[in-house]
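Taking it in order: structure first as structure tokens, then the write-up.
Laboratory data are not the source of any read-out in this text; all were calculated from the coordinates shown. Note that the coordinates shown come from a computational prediction; the quantities given were computed from them, not determined experimentally. All Cβ positions, even for glycine, are placed from backbone atoms using ideal geometry, and neighbour counts span all protein chains on display.
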Amino acid sequence: MNWDEVCKDTLLQDLPYKVELNEWGNIVMRPASNRQGNLQTKIAFHLMSHMPDGTVLTECSVETAKGVKVADVVWASDAFLQRNRGATPYIEAPEVCVEIQSPSNSDAEMAEKRSLYFARGTRECWLCDEDGNLSFFSQQGKMDSSQLFPTMADRIEAEA
């Protein structure tokens, strides 16, 4: 199965799951909690309010070496959007890719996703745990804070 087929399949459109494709074209589904949705919204809001010259997307699909991965939140510069206009999934990763780790995600899985996004050109990957704690990563490894968004707090309060 390819990403276009997944997006057009009416049976998959109202699932309460995050859908991705693995490297063999198989659908991978993970449940998303309301708390995760709340964290996603708050991170997106922060990105939108602190970097006006780009776009924030949620549930952003990126073609990787191991299938289509869907970042929970991304920030894409205007230049990125010009290069990738209309693409679904994107063949390169936006400058910032954020993953919110759910209980079903292992640390190894999150490290692999970061690696896949970096291989597609992202500049930073952020990982948010269920308690709202943010970790920031560059291609070189973990950072104390975001270089692109230095005012980003390292903790997000979620109500849900």
So, with +1 on the Cβ of K and R and -1 on the Cβ of D and E, and no other charges, what is the size of the charge dipole of region 33-143 about its Cα centre, to the nearest 20 debye?
-> 220
Checked region 90-160 against the a/c 1.5 cut and the a/b vs b/c comparison, axes a ≥ b ≥ c from its Cα gyration tensor; verdict oblate
How far is it, in nm, from the label point at N84 to the one at D144 when both lie 7 Å from their Cα along the line to the Cβ?
-> 3.0
Whichever aspartates and glutamates have a C-alpha closer than 18 Å to that of K66, once near sequence neighbours (fewer than 8 apart) are set aside = D4, E5, E20, E23, E92, E99, D107, E109, E112
In angstroms, what radius of gyration and Dmax does region 33-143 have, counting Cα atoms only?
-> 13.0, 36
